[in-house]
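**Student:** After the structure tokens below, expect a handful of questions from me.
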Amino acid sequence: MNVNETFANIEYSQSNDYLAFLVFFIALFSLNLITPGRTINQDGSEGPLKAKMPWLVIIALVGIIYGVVTFTYWPSIKPRLLSDSFPSMTEDKIYNFGYLDRTYTNVEGQIDIIPWSPIILGSLKVALVAIVETLISALIAQKKYI
């Protein structure tokens, strides 16, 4: 099982990795327990619930700042980074946009032209999914506070 594998390799873990996670998890969990207040109507009666603070975004920003500060100024407590686990990641050319010249060499060694239609169709599918997800999230959020 996956849990057994985790505990079998626990001696390879570093406390910097899971202590930072634990601190941010407890902070996020505690902050989400804060109930939002209610707005006060013009006549002094209680109105609808106020929106909760987006603690996840705030904790994520604090975590990014924590990572940058510990990497730059306090490397003894820095958590493991992706570049530490996968050093070849810094050598790969992910910024090579040579495919945009619309040609590639096929299996026979001939140069073919890449058609634009699959690229545009794939982009439209991704955009459609993103728009639908956003609309669904907005509807859920709207119903939550009504």
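All of the numbers you see were taken from the coordinates with simple rules; none came from a lab. Quick caveat, the model's predicted, so the values are computed rather than measured. Glycine gets a Cβ as well: all are built from the backbone with ideal geometry, and neighbour counts include every protein chain shown.
**Student:** Which order do the peptides 130-142, 13-25 come out in when sorted by mean C-beta neighbours inside 10 angstrom, highest first?
**Tutor:** So the peptides 130-142, 13-25, ranked by packing, come out 13-25, 130-142.
**Student:** How far, in nm, would the chain grow between residue 121 and residue 60 when pulled straight, counting 0.36 nm per residue and subtracting the alpha carbon separation?
**Tutor:** Length difference between fully extended and current span is 18.6 nm.
**Student:** Which listed residue (41, 15, 79) has the Cα farthest towards the positive end of the charge dipole for the range 2-92, taking +1 on Lys and Arg C-beta and -1 on Asp and Glu C-beta about the Cα centre?
**Tutor:** 41
**Student:** A follow-up question, please. Which order, highest average first, do 115-126, 26-37 follow once you tally other Cβ atoms within 10 Å for each residue and take the mean per peptide?
**Tutor:** Going from most to least packed, we get 26-37, 115-126.
**Student:** Spelling out what I want: for every residue of the range 72-84, take phi, set θ = phi - 60°, compute 6.51 cos²θ - 1.76 cosθ + 1.60 (Karplus), and round to whole Hz; glycine and proline get x.
**Tutor:** Ordered by residue, 3J(HN,Hα) equals 7, 10, 9, x, 5, 10, 5, x, 5, 9, 4, 5, 6 Hz.
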